[in-house]
Amino acid sequence: MRLTKAFQPTLKEVPAEAQIASHRLMLRAGLVRQTSSGIYAWLPAGLRVLRNIEQIVREEQDAIGAQEVLMPTLQSAELWRRSGRYDAYGPEMLRIQDRHGRDLLYGPTNEEMITDIFGSSVKSYKELPKALYHIQWKFRDEVRPRFGVMRGREFLMKDAYSFDASYEGAVASYRRMMLSYLRIFQRLGVRAVPMVADTGPIGGDLSHEFLVLAPTGESGVFFDAALEEQDWLSRPVDCDDAESLATFFSTVTDHYAATDEKHDEAEWAKVPDERKREGRGIEVGHIFYFGTKYTASMGIEVSGPDGAPFHPHMGSYGVGVSRLVGAIIEASHDDAGIIWPASVAPYRAAILNLRQGDEACDAICDRIYGTDPENMLYDDRSERAGVKFNDADLMGHPWQIIVGPRGAKEGKVELKQRATGERFELSVEDALAKIGAA
Ligand code: P5A
């Protein structure tokens, strides 16, 4: 994308309403605009990040055999009356009436709807287990929406739901999801530590939250450093084998990790001092096992091997997709701006033409840009070098390819790595090879 053609409205002023770095940077870099309290429009660069996150989530959910569906944002109140949550959910639920006076709501989560869809089509234990997910906007009328997309009212969630014939099967589904989540967060370039959690309005008795460490996080966290050091992507786990899943799960649960709500001083004291980590965290995912809570209350049954009907066991599993954009920035920025992990960056590289109109500079920039225009942002504005440097640091692409008149005459460019600040003087070919675009 050429910056002269792009819609990327960066701000020079620091927006007064933004209290934390990620919110300020998202507004300044032109990723989002607030349209009303807790509700945001996603601008092109922000949308590219959101889509990159979605894609990684999708690939890792598919990899454990979950299937994607898409349920609507509006739901009938009737469904929620069946589970008993319509009245219990309280003022966070946005309630609407259609022209016929029928009660609807903007979905804050989808346990009821997926249970109903499942129940109307699955009749036998032979069809189990099943795991379904969707990536859809949710609405929660939060009392205090704040920190930009971090605590929004409208936000994008990936929510998955599992159905199993037995408790043991449901536990295996839960563990499979935990593995998928650890892989997702690792691919997104953030460390998210799983911690035992409260279940709140979703219900159930087994639950973990995934927290990205950042000083501005809303929860206090206490955990064993061993949990930070794992490489979940290369860990061999057979997702179809309950024992293999159990072994994996114990590598997580054998180590202490809890938010302040669940913190246990006696257990914490057993962790060796050199492995104790304390800080704050942002909740980017939350998984639940709640047995037959919804299948029983909504009267959903399938027939078992002996023909007798039973209520399937369920779990639900959420990733805060739009919150992650803020959380990643919160965990990865400096005074100059965002430092995107390569897997989610809106563009892999920015090309900075330091003398637009100079024949040699223009020719080299065009050549570089032509190799991969989809994944490069070409700053072809007639701006001063300083402006281009500042904007590139603010927008945070992993690489900056800096093309100045002196180097250009010799076919050389300067490559800067945003995360480390390292600079390399290289030929065009070597620079492209280094950023992996050649
Ligand atoms: C699990 C999936 C649920 O809703 N039902 C379906 C379960 N869990 S949850 O913890 O309440 O939400 C899942 C994740 O969504 C993100 N999230 C938010 N993101 C932005 N703004 C909000 N107001 C908001 N509320 C929840 C969090 O990342 C959470 O872990």
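The values are calculated or read from the model by the stated rules, or taken from the named source; none is laboratory data. All values derive from a computational prediction rather than experimental measurement. Note that each Cβ is placed from the backbone with ideal geometry, even for glycine, and that neighbours are counted across all protein chains shown. Just the protein is used for accessible areas: all its heavy atoms, side chains included, with ligands, DNA and RNA removed. Shrake-Rupley method; radii C 1.70, N 1.55, O 1.52, S 1.80 Å.
Taking amide H atoms as placed 1.01 Å from N in the peptide plane, the amide H of residue 93 lies under 5 Å from those of 141, each 5 or more residues away in sequence or on another chain. Counting only residues at least eight positions apart within a chain, or on another chain, the lysines with an alpha carbon under 16 Å from that of residue 158 are 138. Just the projected area, averaged over all directions, of the convex hull on the alpha carbon atoms of the chain: how many nm²? Dividing the Cα hull surface by four gives the mean projection, 24.4 nm². Computed from the alpha carbon atoms alone, the convex hull of the stretch 1-90 holds 188 Å³ per residue. Can you work out the FRET efficiency for the pair residue 409 and residue 275, with r the C-beta to C-beta distance and R0 = 35 Å, to the nearest 0.05? My answer for the efficiency is 0.05. Each part gets one Cα centre, and for the stretch 118-158 versus the stretch 174-210 those centres are 15 Å apart. Note on the stretch 121-279: with charges restricted to the Cβ of Lys and Arg (+1) and Asp and Glu (-1), its dipole about the Cα centre is near 800 debye. Sorting 418, 81, 146 on solvent-accessible area from highest to lowest, probe radius 1.4 Å, gives 81, 146, 418. Under a model in which nothing but the beta-carbon of Lys, Arg (+1) and Asp, Glu (-1) is charged, the stretch 1-98 shows a dipole of about 500 debye around its Cα centre. Show which aspartates and glutamates lie in cross-link reach of residue 5 when reach means a straight Cα distance below 14 angstrom and same-chain residues fewer than eight apart are skipped. Hits, sequence-local ones excluded: 374, 379, 380. Taking a point 7 Å out from the Cα of residue 104 in the direction of its Cβ, the residues of the stretch 136-159 whose backbone N falls within less than 18 Å of it are 136-141, 154-155.
Any chance you could give the angle, 0 to 90 degrees and rounded to 10, that helix 111-121 forms with the longest Cα principal axis of the chain? Helix 111-121 sits at roughly 70 degrees to that axis.
How many angstrom lie between the C-alpha centres of the stretch 286-308 and the stretch 219-246? Rounded to whole Å, the Cα centres lie 28 Å apart. Placing unit charges on each Cβ (+1 for Lys and Arg, -1 for Asp and Glu) gives the stretch 344-392 a dipole about its Cα centre, and among 378, 363, 390 the Cα reaching farthest toward its positive end belongs to 390.
Across all Cα pairs in the stretch 197-309, the calculated P(r) in 5 Å bins from zero up to the longest distance comes to 2, 9, 14, 18, 17, 15, 10, 6, 4, 3, 1, 0 percent per bin. With every protein chain in place and a 1.4 angstrom probe, the accessible-area ranking of 158, 276, 293, 123, largest first, reads 123, 293, 276, 158. Residue ranking by accessible heavy-atom surface, 1.4 Å probe, largest first, among 362, 87, 380, 198 comes out as 87, 198, 362, 380.
To the nearest 20 debye, what is the magnitude of the charge dipole of the chain about its Cα centre, counting +1 on the Cβ of each Lys and Arg and -1 on the Cβ of each Asp and Glu?
Numbers: 52 positive and 66 negative charges, 294 e Å.
Taking the Cα centre of the chain as origin, the dipole is about 1420 debye.
Extension gain, residue 336 to residue 292, is 10.8 nm, computed as 0.36 nm per intervening residue step minus the present C-alpha separation. Note on residue 265 and residue 97: their simple-model spin labels are 5.4 nm apart, each label 7 Å out from Cα toward Cβ.
For the stretch 292-438, the orientation-averaged shadow of the C-alpha convex hull comes to 13.8 nm² (one quarter of the hull surface). Direction-averaged projected area, Cα convex hull, the stretch 73-178: 8.4 nm², rounded to one decimal. Calculate, for residue 14 and residue 81, the FRET efficiency according to 1/(1 + (r/R0)^6) with r their C-beta to C-beta distance and R0 41 Å; round to the nearest 0.05. That pair, residue 14 with residue 81, gives E of 0.30.
Cross-link reach is defined here as a Cα-Cα straight distance under 20 Å, omitting same-chain residues fewer than 8 places apart; for residue 270 the lysines meeting it are 262.
Peptides 68-79, 322-333, 260-271, ordered by how many other C-beta atoms sit within 10 Å of their residues on average, highest first, read 322-333, 68-79, 260-271. Relative to the current alpha-carbon distance between residue 121 and residue 371, full extension at 0.36 nm per residue lengthens the span by 85.1 nm.
Among 174, 86, 317, which one moves the most in a GNM of the chain with springs linking Cα atoms closer than 10 Å? Maximum fluctuation in the GNM of the chain, among the listed residues, is at 86. Between residue 384 and residue 424, the contour length at 0.36 nm per residue exceeds the alpha carbon distance by 12.2 nm.
In units of the compact-protein estimate 2.2 N^0.38 Å, the stretch 311-395 shows a Cα radius of gyration of 1.57. Between the stretch 409-438 and the stretch 1-36, the alpha-carbon centres lie 28 Å apart.
For the stretch 174-260, the alpha-carbon radius of gyration amounts to 1.08 times the rule-of-thumb value 2.2 N^0.38 Å expected for a compact globular protein.
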